[in-house]
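Just so it is clear, none of the values below were taken in a lab; they were calculated from the coordinates. None of the values given here were measured: they were computed from a predicted structure. Here Cβ is always computed from backbone atoms with ideal geometry, including for glycine, and neighbour counts include all displayed protein chains.
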Amino acid sequence: MYSEKVMNHFLHPKNVGEIENADGIGTVGNPVCGDVMTFYIKVDNNRIVDVKFKTFGCAAAIAVSSMVSEMVKGKTLDEALKITNKTVAEELGGLPPQKLHCSNLGADALHRAIENYWERQKA
Ligand code: FES
């Protein structure tokens, strides 16, 4: 079943919530199950200084969101873009095969929030 790390992040997720006046927001839905995840980032000097998420999803999706939020805090945008769904699942000590699709939301929502930040810079 789930690794201890997955259970910890699911039972005690970090950085849950919303950032008012976020610099970038990214939402993705999982077509397989209909779950939805939104990431909010605050950026300063090209670095992610704060991150929060809201996830309406399964235990794996919540654990993935929490892990992604921990992995990106303090990283530059370029470093954050290198985080992939695979590295998140690895960092969580693996996910059961039938739950691997849940990890797809994490990095995608984060990357979308970064893209949203760049779009706002251009505007
Ligand atoms: Fe929906 Fe896991 S079952 S994200």
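What's the center-to-center distance, using Cα atoms, between segment 76-122 and segment 20-37 in Å?
About 11 Å separates the Cα centre of segment 76-122 from the one of segment 20-37.
Counting other beta carbons within 10 Å of each residue's own, what order do 1, 37, 71 fall into, fewest first?
Ranking 1, 37, 71 by Cβ neighbours within 10 Å, fewest first, gives 1, 71, 37.
As I understand it, the value is the acute angle between the Cα axis of helix 59-72 and the longest principal axis of the Cα atoms of the chain; what does it come to in degrees, rounded to 10?
40
Compute the Cα gyration tensor for segment 1-54, then decide on rounded, prolate or oblate, letting a ≥ b ≥ c be the square roots of its eigenvalues: rounded whenever a/c is under 1.5, prolate when a/b is larger than b/c in the other cases, and oblate in all that remain.
oblate
Give, as ranges by residue number, the residues of segment 1-38 whose backbone N falls under 15 Å from the point 7 Å along Cα→Cβ of residue 123.
Hits in segment 1-38 for residue 123 at 15 Å: 21-27.
Roughly what would the spin-label model give for residue 11 and residue 36, points 7 Å off Cα along C-beta, in nm?
My value for the distance between the label points is 3.0 nm.
Relative to the first principal axis of the alpha-carbon coordinates of the chain, what is the inclination of helix 104-122, with its axis defined by its Cα atoms, in degrees from 0 to 90 and to the nearest 10?
0
Given the Cα-Cα distance of residue 59 and residue 46 and 0.36 nm per residue of separation, how much length would full extension add, in nm?
The span from residue 59 to residue 46 would gain 1.5 nm if fully extended.
What 222 nm value per residue comes from the helices of the chain, counting each DSSP H run with n ≥ 4 as -39,500 (n - 2.57) and dividing by all residues, nearest 500 deg cm²/dmol?
About -13000 deg cm²/dmol.
Using a cut-off of under 19 Å, list every residue of segment 35-54 whose amide N is near the label point 7 Å from the Cα of residue 73 along the Cα-to-beta-carbon line.
Residues passing the 19 Å test: 38-54.
Which longest uninterrupted range of the chain lacks any GluC sites (Glu not before Pro) assigned by DSSP to a loop state (not H, G, I, E or B) and surrounded by at most 15 other Cβ atoms within 10 Å?
21-123
Given a cut-off of 21 Å, name the pairs among 73/122; 52/122; 73/99; 42/99; 54/122; 42/122 whose C-alpha atoms lie farther apart than that in the structure shown.
73/122; 52/122; 73/99; 42/99; 54/122
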